[in-house]
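The values are calculated or read from the model by the stated rules, or taken from the named source; none is laboratory data. Since the model is a prediction, treat every value here as computed from it, not as a measurement. Counting neighbours? That spans all protein chains shown, and the Cβs are built from the backbone with ideal geometry, glycine included. Side chains are part of the model used for accessible areas, which takes the heavy atoms of the whole protein and leaves out ligands, DNA and RNA. Shrake-Rupley method; radii C 1.70, N 1.55, O 1.52, S 1.80 Å.
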Amino acid sequence: MTAFSRGPGRTERLVLPGVLTAEQAAETVAGIAAAQREDGAIPWFRGHHLDPWDHVEAAMALDAAGEHERARAAYRWLARHQNPDGSWYAAYPDLPDGVDAAGPTDRGVETNFCAYVAVGVWHHYLSTGDDAFLDRMWPTVLAAIEFVLRLQQPGGQIGWRRDPDGTEVADALLTGNSSIYQALRCALAIAEHREEPQPDWEIAAGRLAHAIRHHPERFLAKDRYSMDWYYPVLGGAVTGAAAKERIESGWDRFVVPGLGVRCVVPNPWVTGGESCELALALWVMGESDRAVEILQWIQPHLRADDGMYWTGYVFDDQAVWPEERTTWTAGSLLLAVAALGGDEATTAVFSGERLPNGLDTDCC
């Protein structure tokens, strides 16, 4: 890819004994960079589609590696492709370098996909201190959050999707809402930094947190999926003793010792993204040793020869499946390693210690 010069890099923050050496970290970063198009878009892999959430996850990994110019290009792509109502479509095609997207491949809109831009933009600012970037991206973040909150329900939960025909789906997903809660807090941090208070967002964040913590019945039943297990902790809504209790209650159900984390029970399939996200959630809880262990487990069967990561591994068959090496899987690994290594921007957006909480509420 010739459109960007290589940044100074920060792969020293991406070295973790038993997980990544400096050379391995550089290979993984280079793999994500190689998949990025010249217009800044980051598909799952070349020839596959891209979606806004995974695009941001990969961009955050590039920032953690010091590839700030590439990350900026990824956010510029989002700003250019935002819909007038503040949303993005659920999927866009991958096209040859220099060819702009002719149109989305999925014209539905998913709320957690749209909200995640706030996490990425705040992470990039904390990585670079680039106020001009924050000024340019503020209208994008503002419009995205306003769109998402239009789908908030009376109970605080946020409907997961708007269909291509314009129908707003009121059903809410716990994983998606947990991610949205993190995004709302990052959006509030941006607003606070800019001295542009958003009291409606504070109220919305408080209502959403209350729903996640106290009203599981307001979300679709997806408890077979490991993401619904750990995401309330990863997204910052469930903390302290409640987080510990939640993780311990599902550990034997979802974790396969020596291999990683199941995507869905009872399927004999461990996945890289879920394993790395659980490691990040464990780090959030202060359990770094267990986090490192999870990351060590997945290396033998999920790390490919080119430094990228396979999406998953079917352990009954001892086979990689599907046969794809995705930028977002590699990105989740790099972000988990960055947090464990003390990267300031990554720790800030995932620990939540310096993020606004929104207004506490005991109602609804």
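Here are the numbers for the structure shown:
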{"item": "Scope the stretch 348-364; condition closer than 20 Å to residue 294 by Cβ and open to solvent by 50 Å² or more (accessible area, probe 1.4 Å); matching residues", "result": "none"}
{"item": "Helices (runs of 4 or more DSSP H) wholly inside the stretch 225-288 that include at least 1 residues being in contact with a Pro (Cβ under 9 Å, 6 or more places away or on another chain), open to solvent by 10 Å² or more (accessible area, probe 1.4 Å) and without any contact (Cβ under 8 Å) to a residue 24 or more places away in the chain", "result": "240-254"}
{"item": "Scope the stretch 142-159; condition free of Cβ contacts under 8 Å to residues at least 60 places away in the same chain and surrounded by fewer than 24 Cβ atoms within 10 Å (Cβ to Cβ); matching residues", "result": "142, 149, 150, 151, 152, 159"}
{"item": "Where residue 111 falls short, out of the listed (1) of a type in the set (S, T, N, Q); (2) at pLDDT below 95; (3) crowded, with 23+ Cβ neighbours inside 10 Å", "result": "(2)"}
{"item": "Residue 196 being at pLDDT 95 or above, under 30 Å from residue 131 (Cβ atoms), part of a loop (DSSP other than H, G, I, E, B) and not aliphatic (A, V, I, L, M)", "result": "yes"}
{"item": "Residue match in the stretch 165-179 (condition: touching a Lys or Arg at 6+ places or on another chain (Cβ under 6 Å) and modelled with pLDDT under 95)", "result": "no"}
{"item": "Unmet requirement for residue 177, which otherwise passes all of (1) in contact with a strand residue (DSSP E or B) (Cβ under 6 Å, 6 or more places away or on another chain); (2) open to solvent by 20 Å² or more (accessible area, probe 1.4 Å); (3) polar (S, T, N, Q); (4) under 22 Å from residue 248 (Cα atoms)", "result": "(2)"}
{"item": "Test result for residue 319, under 17 Å from the mean Cα position of the chain (by Cα) and of a type in the set (Gly, Ala, Ser)", "result": "no"}
{"item": "Some residue of the stretch 205-213 being more than 28 Å from residue 322 (Cα to Cα) and either open to solvent by 50 Å² or more (accessible area, probe 1.4 Å) or charged (D, E, K, R) (or both)", "result": "yes"}
{"item": "The stretch 180-200, subset within 21 Å of the chain's Cα centre (by Cα) and surrounded by fewer than 23 Cβ atoms within 10 Å (Cβ to Cβ), residue farthest from residue 139 (Cα to Cα)", "result": "189"}
{"item": "Of all residues in the stretch 38-87 being in contact with a helix residue (DSSP H, G or I) (Cβ under 8 Å, 6 or more places away or on another chain) and basic (Lys, Arg), the one that is surrounded by the most Cβ atoms within 10 Å (Cβ to Cβ)", "result": "70"}
{"item": "Among residues of the stretch 313-347, those that are open to solvent by less than 10 Å² (accessible area, probe 1.4 Å) and in a helix (DSSP H, G or I), counted", "result": "14"}
{"item": "Residues of the stretch 289-312 satisfying the condition of being among the hydrophobic types (A, V, I, L, M, F, W, C), open to solvent by 10 Å² or more (accessible area, probe 1.4 Å) and assigned to a helix (DSSP H, G or I)", "result": "292, 297"}
{"item": "Test for residue 189: is it under 30 Å from residue 217 (Cβ atoms) and in contact (Cβ under 8 Å) with a residue 24 or more places away in the chain", "result": "no"}
{"item": "So residue 98, is it over 19 Å from residue 147 (Cα atoms), touching an Asp or Glu at 6+ places or on another chain (Cβ under 9 Å) and modelled with pLDDT under 95", "result": "yes"}
{"item": "Some residue of the stretch 42-55 being closer than 18 Å to residue 125 by Cβ, modelled with pLDDT of 95 or more and part of a helix (DSSP H, G or I)", "result": "yes"}
